[in-house]
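Have a look at the structure below before the remarks.
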Amino acid sequence: MSSKIRPGTFTEEIPDELILWRDRKRWLFLGLPWTFTRYELTETKLRISKGFFKRTEDDILLYRVSDVTFFQSFAERISGLGTLCVVSSDVSQPEAHIVHIKRPRKVKELLMKKIEAQRKEKGVFASELVGGGVPRPHPMNPTNPHDHERKDPKQEREQLKTEHNHTEQPKQG
């Protein structure tokens, strides 16, 4: 016979994960953390929390991450900041941006180390090996306004296929 539990209670204790890295999105000017976007990295996931009045929290499981790209504009370099673009197979957020953070290269190294550890633990192969060789569009740099003028990824793939077919037609003559 099942026992009733009260609302807001748990039947089993959920342990808190150790946070390996934590930072906030910073203003590009002076690098001050006066924003409401927070980033946390644990052994198993990357959490991005946004908002003050309306809070949004998204977790990206590390074993699902396929690529991490480092961007650094001139202004970020002067401020000692950088931006990481995390590409994953997560449905809700396939491309996440960790914007204007301190020591971005060290964060990227730590992130890549933990991604590899999670892949080994879960027995997951990199998506590049399983994906069938379909080219993936280059990740967007959120600090570059011209990067947002890209086409839809499906349109880019179709255009690449069309260009590929035109170049491989045998010569007649």
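The values are calculated or read from the model by the stated rules, or taken from the named source; none is laboratory data. Since we're looking at a predicted model, the values are computed, not measured. Cβ atoms come from the backbone with ideal geometry, glycine included; neighbour counts cover every protein chain shown.
Just to be sure, is Val87 within 15 Å of the chain's Cα centre (by Cα), crowded, with 16+ Cβ neighbours inside 10 Å, over 23 Å from Gly31 (Cα atoms) and modelled with pLDDT of 90 or more?
On the way: within 15 Å of the chain's Cα centre (by Cα): yes; crowded, with 16+ Cβ neighbours inside 10 Å: yes; over 23 Å from Gly31 (Cα atoms): yes; modelled with pLDDT of 90 or more: yes.
In short, yes.
Select, from Val86, Val68, Val91, the only residue that is touching a Lys or Arg at 6+ places or on another chain (Cβ under 6 Å) and among the aliphatic types (A, V, I, L, M). First the steps, then the outcome.
Details: Val86 fails: touching a Lys or Arg at 6+ places or on another chain (Cβ under 6 Å); Val91 fails: touching a Lys or Arg at 6+ places or on another chain (Cβ under 6 Å).
Just a single option satisfies the conditions, and that option is Val68.
Could you please find all residues in the stretch 3-33 being hydrophobic (A, V, I, L, M, F, W, C) and in contact with a Lys or Arg (Cβ under 8 Å, 6 or more places away or on another chain)? Walk me through it before giving the result.
The initial filter retains those residues of the stretch 3-33 that are hydrophobic (A, V, I, L, M, F, W, C), namely 5, 10, 14, 18-21, 27-30, 32.
Residues satisfying the conditions are Leu20, Leu32.
So which of Leu20, Leu41 ends up being within 22 Å of Glu121 (Cα to Cα), modelled with pLDDT of 95 or more and surrounded by fewer than 16 Cβ atoms within 10 Å (Cβ to Cβ)?
Leu20
For the stretch 91-107, how many residues meet the condition of being within 14 Å of the chain's Cα centre (by Cα) and surrounded by fewer than 18 Cβ atoms within 10 Å (Cβ to Cβ)?
Total meeting the criteria: 5.
Restricting the search to the stretch 41-68, which residues are part of a strand (DSSP E or B) and farther than 15 Å from Gln118 by Cβ?
Ile48, Ser49, Lys50, Thr56, Glu57, Asp58
Among the residues of the stretch 3-40, write down those that are at positive phi and not in a loop (DSSP other than H, G, I, E, B). Walk me through how you get there before you give the answer.
Within the stretch 3-40, the subset at positive phi is 8, 30-31.
Result: no residue meets the conditions.
Of Phe125, Phe36, Phe71, which residue is surrounded by fewer than 15 Cβ atoms within 10 Å (Cβ to Cβ) and modelled with pLDDT of 90 or more? Even if it seems obvious, please write down each step before you answer.
On the way: Phe125 fails: modelled with pLDDT of 90 or more; Phe71 fails: surrounded by fewer than 15 Cβ atoms within 10 Å (Cβ to Cβ).
The conditions single out Phe36.
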